[in-house]
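Comments concern the structure below.
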Amino acid sequence: MIWWLASLAADALPGPGVTAAALADMAADGRLVSIVWRLAAFMGACFAIAVVLGVAGGLAIGMSRAGDRGLSPYLAALQGMPTSMWIPVAAIVLGTDVWSLGAVVTLGAVPAIMLGTRTAVRNVPPLLLRAGRTLGESGTSLVKRVVLPAALPGIMTGVELGWSIAFRCLVAGEIFSGALSGTGIGTVISRSRQTGDLTEMMATIIIVLAFTVLIDRLVFSRVQSRLRTRRGLVDAGLPH
Amino acid sequence: MSASVRLDAVTQAFARRGSHRAALAELSLDIAAGELVAVVGPSGCGKSTLLDLIAGHARPATGSVTVGGVPVAGPGPQRMLVFQEHALFPWLTVQANVEFGLRSAGVAPDRRAATADEWIARVGLADAAHLHPHELSGGMRQRAALARAFALAPQVLLMDEPFSALDAPSRDRLHVELQDLWRETGTTIVFVTHNVREAVTLGDRVVVMSSGPGRVIAEVAVTLPRPRVVESGRVVDLAQHVRGLLDEADQMGISAPRHGRDGYVSI
Ligand SMILES: Nc1ncnc2c1ncn2[C@@H]1O[C@H](COP(=O)(O)OP(=O)(O)OP(=O)(O)O)[C@@H](O)[C@H]1O
Ligand SMILES: [Mg+2]
């Protein structure tokens, strides 16, 4: 509705009807599937690496007081800055190709995941750690069997935040320079820039939006609700 | 398998913003291998602190703690602590919780399951084995924690008011069950409670502590025949005597003045 009114006011903005037509067009010639597919593959790969790095790093600093004191302020500062500022840097250092944007997207997500993991590890109830030790666990197997599962809901929060940062990074990268990532979004952006026709652009925005909503619905909220139900963090009127 | 426990002039204090707050004032205690000792004392007198020291979760400020002649260096499954709060892992089912320690000890999966099944059945949770802790009632959680401790066959079993959240009938049943298990396994048990009758029912000996900072003010040997129940007349009589000792200690002002808001709490 707002969109429709805005498109009446501003000539350059394509209305919902035209965009829908463009969307159908893109679906018909396979561009839609191609964008979604390449988007999923690119983000999936980058994000998987980011999660591994972030959780491992977060565990490491969460478990060591000295490491935490030394590193956390820098991490917090890093997280506070827009990660897209690394895009030009990476473009110059690593060249303007897929790898350079991939590195930025991956590393952009790491501080958030790391900080989330660290906080979650810090907040594991000491009683559970004691129980684990009394039952004969120590060292890495204590981490694996007690710390990690106990911290999982908190880690998931960091992972979600990391995801949104990674996504912002990706889009910023695409805007900065054409076909960086190979997802095809960049190509669309530069084409619209040249022709001044925003229809395809709007359609692509819709696709990207739909993609993020879908990921949130299918992955994050599902995992979160499973974690919460299993641990009794959802009040179901059970005895206490 | 069981081991003796010896505390020698142990003190413990907690630092809080520079000021020290004593939790235990020179406590010495000798527990023979295979003995079942009950410890009573008012709330906040340092009973949980005492068990923490034996379990190895904390080091004493001064003095020494030895189990089986060996100084306690850290927590381990030979000195099993049943916590005041159940401390079950919320992401695991009852079954997996009971198997947790067995897995740490490297027991094979089928033996693990068999042992866990046995103990879960003994505490009466057979049809709740697949539930998560939050799906259990308070008493059921406590029983699951008991099964988890017993399944490891520890040398010393440290129990911190394990039955205080239970209803009277299941508590009575577990009193009898605990005495049976103790006779069968021969484990050394230190049973902390603030319930004087429970202490007299279970203990070979009742150790009476003053209000905090705790010290041993009396030891009462209990020679009544087992299994005992809380209602039995002789248990009640002896409990009256122990209660008298506790009250006397407080009236004589043996308890040192304490800092902080939570003062003396009568039991
Ligand atoms: N981690 C801690 N930090 C500071 N003070 C503590 C800590 N743990 C215990 N204390 C203090 O030590 C004293 C003894 O506590 P403890 O938990 O051993 O009492 P308790 O005898 O087990 O009491 P209850 O019967 O209520 O469980 C209390 O005054 C308590 O405030
Ligand atoms: Mg206590």
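Take peptides A:147-157, B:13-23 and line them up by average Cβ neighbours within 10 Å, highest first, as a rough protection proxy. Can you show the working numbers first?
Details: A:147-157: 20.2, B:13-23: 12.2.
Ranking the peptides A:147-157, B:13-23 by packing returns A:147-157, B:13-23.
I'd like the distance between the alpha-carbon centres of region B:185-238 and region A:1-59, rounded to an integer number of Å.
71 Å
Counting partner chain Cβ atoms within 10 Å of every residue's Cβ in B:89-99, what's the average? Spell out each step's value before the answer.
Working: counts 9, 8, 11, 3, 1, 0, 0, 0, 2, 0, 0.
Mean inter-chain Cβ contacts per residue within 10 Å come to 3.
Please order A:THR134, B:THR62, B:THR115 by the number of other Cβ within 10 Å, starting at the fewest.
Numbers: A:THR134 26, B:THR62 12, B:THR115 19.
Final ranking by Cβ density, sparse to dense: B:THR62, B:THR115, A:THR134.
Taking chain A as the reference, fit the longest principal axis to its C-alpha atoms, fit the long axis of helix A:65-80 to the helix C-alpha atoms, and give the angle between the two in degrees, 0 to 90, nearest 10.
Computed tilt is about 20 degrees.
Could you work out the mean count of beta carbons from other protein chains within 10 Å of each residue's beta carbon in A:143-153?
2
How high is the relative contact order of region A:46-145, in percent, counting Cα pairs under 8 Å that sit 6 or more residues apart? The partial results should precede the final answer.
Numbers: 83 pairs, mean separation 41.7, N = 100.
The normalised contact order for region A:46-145 reaches 42 percent.
Using helices alone, I'd like the mean residue ellipticity at 222 nm for the protein assembly as shown: each DSSP H run of four-plus residues gives -39500 (n - 2.57), total over residue count, nearest 500. Please report the intermediate quantities before stating the final value.
On the way: 19 runs with 275 residues, N = 507.
One gets -17500 deg cm²/dmol as the mean residue ellipticity at 222 nm.
How large is the dipole of region A:73-162 about the Cα centre if only Lys and Arg carry +1 and Asp and Glu carry -1, each at its Cβ, rounded to the nearest 20 debye? Show your work: numbers first, answer last.
Numbers: 6 positive and 3 negative charges, 101 e Å.
Computed about the Cα centre, the dipole is about 480 debye.
Residue by residue through region B:57-62, what is 3J(HN,Hα) from phi via Karplus (6.51 cos²θ - 1.76 cosθ + 1.60, θ = phi - 60°)? Round to whole Hz and write x for glycine and proline.
Listing the rounded values in order: 7, 9, 9, x, 5, 9 Hz.
For a protection proxy built on the mean count of beta-carbon atoms within 10 angstrom, sort B:208-216, B:220-228, A:111-119 highest first, please.
For the peptides B:208-216, B:220-228, A:111-119, the packing ranking is A:111-119, B:208-216, B:220-228.
Taking only Cα atoms, what is the 0 to 90° angle, nearest 10, from helix B:233-251's long axis to the longest principal axis of chain B?
It is inclined by approximately 40 degrees.
Could you please rank B:CYS45, A:CYS46, placing first whichever residue has the fewest other Cβ atoms within 10 Å of its Cβ? Display every interim value, and only then the final one.
Values: B:CYS45 29, A:CYS46 23.
By the 10 Å Cβ count, ascending, the order reads A:CYS46, B:CYS45.
Taking H placed 1.01 Å from N in the peptide plane, check which residues at least 5 places from B:ILE217 or on another chain put their amide H under 5 Å from its amide H.
Long-range HN contacts for B:ILE217: B:VAL208, B:MET209, B:SER210.
Please average, across the residues of A:21-33, the number of beta carbons from any other chain that are within 10 Å of each residue's own beta carbon, and give a whole number. Numbers along the way, then the final one.
Working: counts 0, 0, 0, 0, 0, 0, 0, 0, 0, 0, 0, 0, 0.
Neighbouring Cβ atoms belonging to other protein chains average 0 per residue here.
Rounded to the nearest 5, what % of DSSP beta bridges with both residues in the protein assembly as shown are antiparallel?
Numbers: 21 of 40 bridges.
Percentage antiparallel, nearest 5: 50.
For chain A, what class follows from the C-alpha gyration tensor (a ≥ b ≥ c being the square roots of its eigenvalues): rounded when a/c is under 1.5, otherwise prolate if a/b is larger than b/c, else oblate? Intermediate results must be reported in sequence, preceding the final value.
On the way: a/c = 2.84, a/b = 1.80, b/c = 1.58.
Judged from the Cα gyration tensor, chain A comes out prolate (a/c at least 1.5, a/b above b/c).
State whether region B:136-232 is rounded, prolate or oblate according to the following rule on the C-alpha gyration tensor (a ≥ b ≥ c being the square roots of its eigenvalues): a/c under 1.5 gives rounded; otherwise a/b larger than b/c gives prolate, and the remaining case gives oblate.
On the way: a/c = 1.39, a/b = 1.32, b/c = 1.06.
Verdict is rounded for region B:136-232.
What ³J(HN,Hα) values, in whole Hz, does the Karplus curve 6.51 cos²θ - 1.76 cosθ + 1.60 give for region A:43-58 when θ = phi - 60°, with x put for Gly and Pro?
5, x, 5, 4, 6, 4, 5, 4, 5, 4, 4, x, 5, 4, x, x
Around B:THR188, which amide H atoms from residues at least 5 apart in sequence, or from another chain, sit under 5 Å from its own amide H, with H modelled in the peptide plane?
B:ALA3, B:GLY34, B:LEU157
Would you mind ranking A:GLU160, B:GLU26, B:GLU231 by Cβ crowding within 10 Å, fewest neighbours first?
Working: A:GLU160 20, B:GLU26 16, B:GLU231 11.
Ordered from fewest to most neighbouring Cβ atoms within 10 Å, A:GLU160, B:GLU26, B:GLU231 come out as B:GLU231, B:GLU26, A:GLU160.
Need the C-alpha centroid separation for region A:109-169 versus region B:23-39, integer Å.
Rounded to whole Å, the Cα centres lie 38 Å apart.
Identify, among B:MET159, B:HIS57, B:GLY41, the residue whose Cα sits farthest towards the positive end of the charge dipole of chain B, taking +1 on the Cβ of Lys and Arg and -1 on the Cβ of Asp and Glu, with the dipole about the Cα centre.
B:HIS57
Could you work out how far helix B:109-122 tilts from the main Cα principal axis of chain B, as a 0 to 90 degree angle to the nearest 10?
Rounded to the nearest ten degrees, it is 60.
A short reminder: the numbers here are calculations on the coordinates, not readings from a lab. Source: prediction; values computed, not measured. Every residue, glycine among them, receives a Cβ derived from its backbone with ideal geometry; neighbour counts consider all protein chains shown.
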